[in-house]
Amino acid sequence: NTTNIKQARLTFNFTHNWDETPVSNTDFNDLKFVNENGETLSIERLRYLISNISLTTPNNEVLHISGYHLVDLNINESLAYTSNSFVPEGNYNNVSFTFGFTNEDNLDDAYNDLNAASFDVPDMLGGGYHYMQLDGKFLNSSNQEQGYNYHAIRAVDNPGANPTFPQDTFITVNLGNVTISENSVLNIEMNFAEWFKNPNTWDLNVLHQSLMSNSMAQIMMFENGQNAFRLKSPN
């Protein structure tokens, strides 16, 4: 009798690190991180989108939580997200979310708040929305500061009036089993360093800008992002 099962909202707290060293916006604009390729870099902006939060029950029923959320390290309030939907309390085999939007949800000009945040993608690159914007500077091979724009979108070929899409590049992030109770908080941690090292050692001297129109770079981002997130600890 499910009428006696308590219902709960979920709160997600997003934290960030560079290979276990905590990172916040107080660390921005400082050339203090060294990637797998040996390049020293800074972070000036990080924004990324999550959507399609789902819970899998022990009976393999999937409960979907509607909505999406834009995490922006420059806006501390965005580091926590409480779902609008309720789910039954209890044990779940998996909690997951989509990094970015699925193709079905990645509709051009469909979300006014993301439009206002300038998170949309130009029509010539397929429209829709970014999955992530990671920007900063790095010391190039001449030891000079140079900007990088590590922007993840849906991989696109043939930019222009009729772009084509060689591969899906949104990421389904599976966080593992959780127990949901009243006022549950799930602490989700992103490791920045993963975007630059696994399985593709990222060379910022080669891949630092104009990455949105580079489908090879987008597929490499997709591959490197597979292990960028983990469930740190449920409260």
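The values are calculated or read from the model by the stated rules, or taken from the named source; none is laboratory data. Being a predicted model, the structure only gives us computed values, none of them experimental. Backbone-built Cβ (ideal geometry, glycine too); neighbour counts: all protein chains shown. Ligands, DNA and RNA are excluded from the accessible area calculation, which covers all protein heavy atoms including side chains. Shrake-Rupley method; radii C 1.70, N 1.55, O 1.52, S 1.80 Å.
A few notes on this one:
- Where the chain is the region considered: accessible area per residue in Å², 1.4 Å probe: 47 Å²
- Net +/- balance of residues flanking K232 in space, Cβ distance below 15 Å, scoring K and R +1, D and E -1: -3
- Note on the chain: helix-only mean residue ellipticity at 222 nm, from DSSP H runs of 4+ residues weighted -39500 (n - 2.57) and normalised by residue number, equals -1500 deg cm²/dmol.
- Between the range 153-232 and the range 92-115, the alpha-carbon center distance in angstrom: 13 Å
- For K232, nonlocal amide neighbours, meaning residues 5 or more places apart or on other chains whose placed amide H falls under 5 Å from its own, are N187, I188, E189.
- Residue ranking by accessible heavy-atom surface, 1.4 Å probe, largest first, among F101, F86 comes out as F86, F101.
- For F196, net neighbour charge (Lys/Arg +1, Asp/Glu -1) across residues whose Cβ lies under 10 Å away: -3
- Straight-distance candidates among the lysines for linking to K137, with alpha-carbon spacing under 22 Å and chain neighbours fewer than 8 residues away dropped: K32, K197.
- Accessible-area value, F170, 1.4 Å probe, nucleic acids and ligands omitted, Å²: 40 Å²
- Rounded to 5, the percent of DSSP beta bridges in the chain classed as antiparallel: 85 percent
- Between helix 215-224 and the chain there is an angle of about 50 degrees, using the helix long axis and the longest principal axis of the Cα atoms.
- Formal net charge of residues neighbouring P88 (Cβ-Cβ distance under 13 Å; K, R +1; D, E -1): -1
- Take each peptide in 10-20, 127-137, 112-122, 184-194, count the other Cβ atoms within 10 Å of every residue, and average; sorted highest first, the result is 127-137, 184-194, 10-20, 112-122.
- Normalised by the number of residues in the range 66-185, the average gap of Cα pairs under 8 Å and 6 or more apart makes the relative contact order 30 percent.
- By a 1.4 Å probe calculation restricted to protein chains, K6 has an accessible surface near 140 Å², given to the nearest 10.
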